[in-house]
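Notes follow the structure.
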Amino acid sequence: MAFKTIGFVAARNAEAQDALVRLTARYDHVEPEKSDVVVALGGDGFMLRALHESMDRRAPVYGMNRGSVGFLMNAYDEEDLPARLNKAQAADLHLLRMIAIDANGGRHEALAINEVSMLRETRLAAKLRIKVDGIERMSELICDGVLVATPAGSTAYNASAHGPIVPIGAELLALTPISAYRPRRWRGALLPQRAAVEVDILDYDERLVSAVADYTEVRNVKRVTISQDSSKTTTLLFDPEHNLDERIVKEQFLP
């Protein structure tokens, strides 16, 4: 693919800001909201923000790692950037829509590229009831929380919670408990990507739970529904030798 205009964005850390100065001095650029492609300088957290901000314009995002993790990023290299962009491979990511009802009945919606998670807020464990497509699958899960992850997000918080890493084209969602106490041996489930998950917080006025979609948090929720939003996609660009499929496979063989 060929891009005529580049827009640079950078995280606030010194390394990213220094890269921004160097690259904008070297290459012609426009404001990110007017560009054909966005180059994001930072780590994975900043990449998520850049993807959200470019979503409505459907501008692809090419990341270069100037942060701490960089799973979603390419290696930083100032040479031949237009050529790298034109050779990059695209990975289209489908998003999750979270609808959270808080303890006062307020309704909150947010989109997630990685995962939607429900997390206890206090010393008390959360008690959750889980439905999938309207059918009760678990009457009570006592835990620190539970999350629903996309394939792209399955290598992030989901993997840290010992959830399965899902290939990018698998059309699956990972439903993963976080520090489950009862039932202790339940390790989660793989669901079709079209599945709708509903989580009711039992004793929500005492066992406080927050709901988080990427970086959007809603406190003191009593019900959360998560489903794929087929109308929303966002596009990542990767150097051909380090595409997202290869990274997800590689991640499963790390020591």
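Values in this text are rule-based calculations from the coordinates and carry no lab data. Computed from a predicted model, the values in this text were never measured in an experiment. Positions of Cβ are generated from backbone atoms using ideal geometry, with glycine treated the same way; all protein chains shown enter the neighbour counts.
Overview of values
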{"quantity": "The chain - mean residue ellipticity at 222 nm from DSSP helices (-39,500 (n - 2.57) per run, n ≥ 4, rounded to 500)", "calculated": "-4500 deg cm²/dmol"}
{"quantity": "Most mobile listed residue (ASP80, ASP56, ASP200) in the chain, GNM with C-alpha springs under 10 Å", "calculated": "ASP80"}
{"quantity": "Cα-projected label distance for ARG185 with ALA75, points at 7 Å along beta-carbon direction, nm", "calculated": "4.6 nm"}
{"quantity": "LEU124-GLU217 FRET efficiency (beta carbon distance; Förster radius 30 Å; 0.05 resolution)", "calculated": "0.95"}
{"quantity": "For peptides 86-93, 97-104, 36-43, sequence by mean Cβ density within 10 Å, most packed first", "calculated": "36-43, 97-104, 86-93"}
{"quantity": "Between helix 44-54 and the chain: long-axis angle, C-alpha atoms, 0 to 90°, nearest 10", "calculated": "80 degrees"}
{"quantity": "Modelled FRET efficiency - R0 25 Å, ALA83 with ASP36, Cβ distances, 0.05 increments", "calculated": "0.95"}
{"quantity": "Whole-number percent relative contact order across segment 85-158, with pairs defined as alpha carbons under 8 Å at least 6 apart", "calculated": "28 percent"}
{"quantity": "Which of ASN243, ALA88, VAL37, positive extreme of dipole for the chain (C-beta unit charges)", "calculated": "ASN243"}
{"quantity": "Where GluC sites (Glu not before Pro) fall in DSSP loop in segment 50-81, at most 13 other Cβ within 10 Å", "calculated": "GLU78, GLU79"}
{"quantity": "Given charges at beta-carbon only (K, R positive; D, E negative), |dipole| of the chain in Debye", "calculated": "740 debye"}
{"quantity": "Order by protection proxy (mean Cβ within 10 Å, highest first), peptides 109-122, 127-140", "calculated": "109-122, 127-140"}
{"quantity": "Cα gyration tensor, segment 1-81 - rounded (a/c under 1.5), prolate or oblate", "calculated": "oblate"}
{"quantity": "Dipole magnitude (debye, nearest 20) for segment 6-87, charges at Cβ of Lys, Arg, Asp, Glu", "calculated": "120 debye"}
{"quantity": "Qualifying chymotrypsin sites (Phe, Trp or Tyr not before Pro) in segment 1-55, DSSP loop, other Cβ atoms within 10 Å at most 14", "calculated": "TYR27"}
{"quantity": "Qualifying lysines (Cα of each under 22 Å from Cα of LYS131; at least 8 residues distant if same chain)", "calculated": "LYS222"}
{"quantity": "Taking segment 111-241 and dividing mean pair separation by its residue count, relative contact order in percent (alpha carbons under 8 Å, at least six apart)", "calculated": "28 percent"}
{"quantity": "GluC sites (Glu not before Pro) within segment 184-255, DSSP loop, no more than 16 other Cβ atoms inside 10 Å", "calculated": "GLU206"}
